[in-house]
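Structure first, then comments.
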Amino acid sequence: MAWTEHDVVRSELRWAAAVSGFVVIIFGLTLFAALALHRNPPSNLERIDPKTLHLTGEFTEPNLGTRVETNGRVTVRMVATQFAFVPQCIVVPEAQEVTLRMSSADVIHGILVTGTNVNTMVVPGYVSQVHTVFQRGGDLLMPCHEFCGFGHSQMYARVRVVPRDQFRPDAQGRVSCGP
Amino acid sequence: MPPAGGAPPGLDPQQLQSLGPVPSGAIALSAIAVGLLLIAWLLIYLLIYLPRGMIG
């Protein structure tokens, strides 16, 4: 039986209603995650001079790694460079909010931490910042996920998530993977 | 569906008439494809993204 103009319009309106419903559901879930569960894409906008990254300021060598700030917050600072993360291993507490701050000294890199939602670009000239809570203990892999040159596939770091009672900062508030 | 004014010049009205019925299988196929995409999105969202914890 041939469809009439009325049939076609009715069918198209049904499709439009169904697809609009899906879009509303997906946007609703995304808004719920952002507002109620604090899941947001990392959106820090902070400039830094990549030429003096290692000489002055926050990302000089003594400041790198995990540190418990005076206000009790845990901050990890890393530098991404061809083809390594410095430091190569970081220690973070389990079930506690951690701030990852990193910058690049040369080209665009990217990080993700396996099994978590941590995923951001590391762009020279900017500080990438991610707040997260690691929920399970163990060693996690943190590879560079943005092709950065011939050594890209060898560029990775380890994130060691330890129970809070084993997370023992030294007198300067620093915690490292070393013995 | 044939245009209200009849077949355009050069087209056989009977052939045009045969394009009128919309196969219900096409609608079912579209619905399944869209449904599977929505289910895949929901499964990834609920079983992978949400359990991985806060991020910001």
**Complete:** Residues of segment A:87-101 being of a type outside the set (S, T, N, Q) and either in contact (Cβ under 8 Å) with a residue 40 or more places away in the chain or not assigned by TED's automatic domain parsing to the domain that holds A:R164 (or both), in sequence order, are A:P87, A:C89, A:I90, A:V91, A:V92, A:P93, A:E94, A:A95, A:R101
**Complete:** Given the conditions (1) modelled with pLDDT under 90; (2) more than 18 Å from the chain's Cα centre (by Cα); (3) of a type in the set (V, I, T), every one holds for B:I48 apart from (1)
**Asked** Restricting attention to segment A:37-90, which residues are in contact with a helix residue (DSSP H, G or I) (Cβ under 8 Å, 6 or more places away or on another chain) and buried (at least 20 other Cβ atoms within 10 Å of the Cβ)?
**Response** A:R77
**Message:** Just to be sure I understand the filter: pairs with C-beta atoms under 6 Å, separated by 6 or more residues or on different chains, first member in segment B:16-44 and among the β-branched types (V, I, T), second member at pLDDT below 90. Which pairs pass?
**Reply:** B:V22/A:W3
**Answer residue from segment A:1-16, given it is exposed (fewer than 10 other Cβ atoms within 10 Å of the Cβ) and assigned to a helix (DSSP H, G or I) and is farthest from the other protein chains (Cβ to nearest Cβ) among those** = A:H6
**Request:** Please find, within segment A:91-115, the residue that is nearest to A:D49 (Cα to Cα) out of those that are within 14 Å of chain B (Cβ to nearest Cβ) and crowded, with 21+ Cβ neighbours inside 10 Å.
**Result:** A:L100
**Message:** Take residues that are under 14 Å from the mean Cα position of the chain (by Cα) and tell me which of the strands (runs of 3 or more DSSP E) falling wholly in segment A:52-157 contain 3 or more.
**Reply:** A:74-81, A:97-104, A:109-112, A:119-122, A:128-133, A:138-143
**Asked** So A:V161 clears everything in (1) in contact with a Phe, Trp or Tyr (Cβ under 9 Å, 6 or more places away or on another chain); (2) more than 22 Å from A:G115 (Cβ to Cβ) except one condition, right? Which one?
**Response** (2)
**Asked** Just for segment B:4-47: of the residues that are part of a loop (DSSP other than H, G, I, E, B), closer than 19 Å to A:S11 by Cβ and not aliphatic (A, V, I, L, M), which one is farthest from the other protein chains (Cβ to nearest Cβ)?
**Response** B:P23
**Prompt:** in a helix (DSSP H, G or I), touching a Lys or Arg at 6+ places or on another chain (Cβ under 7 Å) and away from chain B (no Cβ under 12 Å) - does that describe any residue in segment A:22-40?
**Reply:** no
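The values are calculated or read from the model by the stated rules, or taken from the named source; none is laboratory data. No experiment lies behind these values; they were computed from the predicted model shown. Positions of Cβ are generated from backbone atoms using ideal geometry, with glycine treated the same way; all protein chains shown enter the neighbour counts.
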